[in-house]
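K.L.:
Pasting a structure here, questions to come.
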Amino acid sequence: MNDVIREIEAAQLKETVDEFHVGDTVKVHGKIKEGNRERIQIFEGTVVKRQGGSNRETFTVRKTSGGIGVEKTWPLHSPNVEKIEVVRRGKVRRAKLNYLKGRVGKRAKVKELR
């Protein structure tokens, strides 16, 4: 039974996955369907966490829009994620940056990796 599930999951994996880590600022190019039209919308923010494995792996991106924090979770191997573009690398010392939720302004920034 497990072999069958593994084969199905392996078929759903993307061949190439963009390299990024927690703390990086990324632009996620996501496909949006409006009626019968399809377009690409860019969501730019800091990667707060990556979790899961195989084809179930997800990542969460956080940005502030109009002074309000917005988080969006994307499946890594989804066909709706066109590409992930790294804007800048972040220097962090933990796997999940949940402490950013309580911060505003400059305190909500992550230091850049040199």
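K.L.:
Run lengths n ≥ 4 of DSSP H only: what is the helix-derived mean residue ellipticity at 222 nm for the chain, with -39500 (n - 2.57) per run over all residues, to the nearest 500?
P.N.:
Helix contribution divided over all residues of the chain: -3000 deg cm²/dmol.
K.L.:
Measuring from label point to label point, each 7 Å out along Cα→Cβ, what is the residue 33 to residue 10 span in nm?
P.N.:
Between residue 33 and residue 10, the label points sit 2.9 nm apart.
K.L.:
Here are labelled values, (1) 67, 34, 21; (2) 49, 38, 25; (3) 50, 27, 21, and one is the computed Cα extents along the principal axes in Å for what I pasted. Which one?
P.N.:
(2)
K.L.:
I've got another one for you. By a straight-distance test (C-alpha under 21 Å), which lysines pair with residue 83 as possible cross-link partners, with residues fewer than eight away in the same chain excluded?
P.N.:
Filter leaves 14, 27, 31, 33, 49, 63, 72.
K.L.:
Let me ask something additional. Compute the longest continuous run of the chain that contains no exposed GluC sites (Glu not before Pro); treat a site as exposed when its DSSP state is not H, G, I, E or B and it has at most 13 other Cβ atoms within 10 Å.
P.N.:
20-114
Only the coordinates and a few stated rules stand behind these numbers; no lab work does. Since the structure is predicted, the reported quantities are computational estimates derived from the model, not experimental observations. In this analysis, Cβ positions are derived from the backbone assuming ideal geometry, glycine residues included, and neighbour counts consider all displayed protein chains.
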